[in-house]
Amino acid sequence: MQIPYMAIYVNDKGELVMSHVMRSDGDPLDVERPLKELSDRGLDEASKGIGRVVLATMANWYPQELDKYPALIIPYDEEGDMILITSLISKSIRDKTRVHFASIDALIAEVVREKPELASKSSTIAGWAHVRSMIEKRSV
């Protein structure tokens, strides 16, 4: 199998998991979405959301290949990044770990680069420095 790749599966908690495997020697980055939440959005919206994540990830990992197909390039939309940021912050708090800090910082930098107004308008982004310091004090 070629790396990087994405695996999609349903876990035993009733969540759709999109597992991003970026390196053969690293742990995957898992993003869980409760099936109930997807169901509440309806088939069309859930399908669009999942498809957008997959295509955006592949375009990021394989730009030379996907650039050949402009109709598949998804315009930047911070919603997916914000969902991922929130998920990683939640995992960091729950697990009292710093392991996701670099990913959170990179995603926040991307969001702010694309949408500078979110640096002050998003409570998640504005509060990250404080949350990070609290996790650092409690992490192992």
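Residues are listed down the side, and each one gets a yes or a no for (1) farther than 15 Å from residue 84 by Cβ; (2) of a type outside the set (Gly, Ala, Ser):
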position	(1), (2)
5	yes, yes
17	no, yes
23	yes, yes
36	yes, yes
41	yes, yes
49	no, no
57	no, yes
### Task
Check the stretch 111-123 and report whether any residue there is under 13 Å from the mean Cα position of the chain (by Cα) and either more than 24 Å from residue 8 (Cβ to Cβ) or not assigned by TED's automatic domain parsing to the domain that holds residue 11 (or both).
yes
## Note on the structure
Contact list, first residue from the stretch 97-110 and in the same structural domain as residue 125 (by TED's automatic domain parsing), second anywhere and surrounded by fewer than 19 Cβ atoms within 10 Å (Cβ to Cβ) and of a type in the set (Gly, Ala, Ser), beta-carbon distance below 6 Å, six or more apart or interchain, is 97/139; 98/139
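Only one of 66, 118 is of a type outside the set (Asp, Glu) and closer than 22 Å to residue 7 by Cα; which? Give the derivation first.
On the way: 118 fails: closer than 22 Å to residue 7 by Cα.
Exactly one residue qualifies, and that residue is 66.
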### Message
Looking at 21, 31 in this structure, which one is within 21 Å of residue 99 (Cα to Cα), β-branched (Val, Ile, Thr) and touching a helix residue (DSSP H, G or I) at 6+ places or on another chain (Cβ under 6 Å)?
### Response
31
### Query
Does any residue in the stretch 10-30 that is surrounded by 11 or more Cβ atoms within 10 Å (Cβ to Cβ) come within less than 7 Å, Cβ to Cβ, of a residue that is assigned to a strand (DSSP E or B) and among the small types (Gly, Ala, Ser) six or more places away or on a different chain, and which pairs are these?
19/7; 21/7; 28/19; 30/19
### Query
Looking at this structure, is residue 65 surrounded by fewer than 16 Cβ atoms within 10 Å (Cβ to Cβ) and within 12 Å of the chain's Cα centre (by Cα)?
no
### Summary
Within the stretch 73-96, residues without any contact (Cβ under 8 Å) to a residue 12 or more places away in the chain and among the hydroxyl-bearing types (Ser, Thr, Tyr) come out as 90
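The values are calculated or read from the model by the stated rules, or taken from the named source; none is laboratory data. Owing to the predicted nature of the structure, the values given are computational and were not obtained by experimental measurement. Note that we place each Cβ from the backbone using ideal geometry, even for glycine, and neighbour counts take in every protein chain shown.
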